[in-house]
Amino acid sequence: MRQEHICCALYPGSFNPIHYGHIDIARRALRLFDSVVLAVYVHPGKADLFTADERMALIRTAFGDEPRIQVASYNQLTVDYAREVGAQAIVRGLRVFSDFELEFRMALTNRRLAPDIEIVNFIAAEEHLHISSSTIREVASLGGDVCYMTPPHVIEALRQKFNDLKARGATSSFVMSIKD
Ligand code: ADP
């Protein structure tokens, strides 16, 4: 029997920028949880291509008026933030075996820190296995087509961002420092 309380999951990440792989994982999470909070982790002192506010706006547009998706940013321990938003689980996506080692280590650490919060890993859809934000940034910075990796509004934001950087003569130095 379904429990009365709302089951909420936190889906943390850089989302710099959001892409079809992230969207797929969030939609899979919505099949199990009542609500999903996509939370942009803000690295202290790290120069990111998109600001936290820009990344949140891109995420919001990606999900339109889906009422069960919330968007936020945070800069503390992920488990502390999960408790703050009342999440019972932390959702992560798995693409390739190399993701597994990192995610496994992170899951064990988080479980030690917060045994009451479950870590739930979803397997990426095959067509999204190769997508990463860093690949999108690199290909887009060189004028390549990323339309099969991320939605049109993100492509437009990338175009504007790289045009702005180019106008300020900042592209090349910035592109070197935007890889994950
Ligand atoms: P990246 O910068 O590598 O795209 P993030 O740090 O924003 O990723 O990742 C947030 C979460 O989304 C992580 O759990 C990551 O494994 C997952 N993720 C990233 N890319 C994909 C993808 N193509 N398919 C499924 N999950 C993904």
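The values are calculated or read from the model by the stated rules, or taken from the named source; none is laboratory data. What you see is a predicted model, and the numbers here were worked out from it, not measured in a lab. Positions of Cβ are generated from backbone atoms using ideal geometry, with glycine treated the same way; all protein chains shown enter the neighbour counts. In case anyone asks, the SASA skips ligands and DNA or RNA and just uses the protein heavy atoms, side chains included. Shrake-Rupley method; radii C 1.70, N 1.55, O 1.52, S 1.80 Å.
Relative contact order of the chain, please, whole-number percent, based on alpha carbon pairs below 8 angstrom and at least 6 residues apart.
Working: 246 pairs, mean separation 47.8, N = 180.
Over the chain, the number comes to 27 percent.
If each DSSP helix of 4+ residues adds -39,500 (n - 2.57) and the sum is divided by the residues in the chain, what number results at 222 nm, nearest 500 deg cm²/dmol? Spell out each step's value before the answer.
Working: 7 runs with 78 residues, N = 180.
Calculated at 222 nm, the ellipticity per residue is -13000 deg cm²/dmol.
Once you sort the root eigenvalues of the Cα gyration tensor of the stretch 29-83 as a ≥ b ≥ c, which label holds: rounded (a/c under 1.5), prolate (a/b larger than b/c) or oblate (the other case)?
Details: a/c = 3.24, a/b = 1.33, b/c = 2.43.
The shape class here is oblate.
Label points 7 Å out from Cα along the Cβ direction at E84 and F104: separation in nm?
3.1 nm
Give me, ordered by chain and number, the residues 5 or more places off S14 or on other chains with an amide H under 5 Å from its own placed amide H.
Y41
Round to the nearest 10 and report in Å² the accessible area of I23, as given by a 1.4 Å probe over the protein chains' heavy atoms.
About 20 Å², rounded to the nearest 10.
Largest first, what is the accessible-area ranking of H128, H153 with a 1.4 Å probe?
Ranked from most to least accessible, the order is H153, H128.
How long is the gain from E127 to C147 if the chain were fully straight, where each residue apart is worth 0.36 nm and the alpha carbon distance is subtracted? If you can, show how the numbers build up before the last one.
On the way: separation 20, 0.36 × 20 = 7.20 nm, distance 1.32 nm.
Using 0.36 nm per residue and subtracting the Cα-Cα distance, I get 5.9 nm.
Express the accessible area of the chain per residue in Å², computed with a 1.4 Å probe while the remaining protein chains stay in the model. Intermediate results must be reported in sequence, preceding the final value.
Details: 10130 Å² over 180 residues.
Solvent-accessible surface per residue comes out at 56 Å².
Would you rank D65, D34, D145 by solvent-accessible area, highest first, keeping every protein chain in place and using a 1.4 Å probe?
Result, largest first: D65, D145, D34.
Shape call for the chain from the C-alpha gyration tensor, a ≥ b ≥ c root eigenvalues: rounded (a/c under 1.5), prolate (a/b greater than b/c) or oblate?
It is prolate, given that a/c is not under 1.5 and a/b is the larger ratio.
Where does each of T150, T109 land when they are ordered by accessible area, with a 1.4 Å probe and the largest first?
My answer, sorted largest first, is T109, T150.
Roughly speaking, to the nearest percent, how much of the stretch 34-180's 1.4 Å accessible area is carbon and sulfur?
Accessible surface attributable to carbon and sulfur in the stretch 34-180 totals 55 percent.
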